[in-house]
Amino acid sequence: MPDAPSTDALTAALTAALAAAGQAHHEYEQHALGGTHDEQWPAFYAAYVLGRLGDFVSPTDLARWLEDTPGASNWAAAAAAYVQRQLGA
């Protein structure tokens, strides 16, 4: 796997990608799942983010970290920071 991007670049890119993943996932739940909660949301988000940013981490690790991210008013930013900590960035 390629090296992770720099800390500042990773923060901005992850936050934007996670926010976009949230919007895409909402549409997926509403239209494809008929409004049903997707229990596999971490895998969806991980695939979306890695599709946009490249394979800087395994999909399994990213999905686990996203699921473990504590709730916050700005979840995308909190998740980006949490992922960075897990990467050691």
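One table, with the values for the structure above:
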| quantity | calculated |
| --- | --- |
| Given (1) at pLDDT below 95; (2) loosely packed, with under 12 Cβ neighbours inside 10 Å; (3) in a helix (DSSP H, G or I), index of the condition Leu10 fails | (2) |
| Residue, nearest to Ala19 (Cα to Cα), within region 73-89, restricted to residues that are aliphatic (A, V, I, L, M), in contact (Cβ under 8 Å) with a residue 12 or more places away in the chain and not in a loop (DSSP other than H, G, I, E, B) | Ala76 |
| Residue tally, condition in a loop (DSSP other than H, G, I, E, B), over 16 Å from Leu10 (Cα atoms) and among the hydroxyl-bearing types (Ser, Thr, Tyr), over region 35-67 | 1 |
| Those residues of region 58-72 which are without any contact (Cβ under 8 Å) to a residue 24 or more places away in the chain and surrounded by 11 or more Cβ atoms within 10 Å (Cβ to Cβ), in sequence order | Pro59, Thr60, Leu62, Ala63, Arg64, Trp65, Asp68, Thr69, Ala72 |
| Flag for Thr36 being β-branched (Val, Ile, Thr) and surrounded by 17 or more Cβ atoms within 10 Å (Cβ to Cβ) | no |
| The lone exception for Asp55 - which of (1) crowded, with 16+ Cβ neighbours inside 10 Å; (2) more than 15 Å from Arg85 (Cα to Cα); (3) not small (Gly, Ala, Ser) it fails | (1) |
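The values are calculated or read from the model by the stated rules, or taken from the named source; none is laboratory data. These numbers come from a predicted model, not from an experiment. Cβ atoms come from the backbone with ideal geometry, glycine included; neighbour counts cover every protein chain shown.
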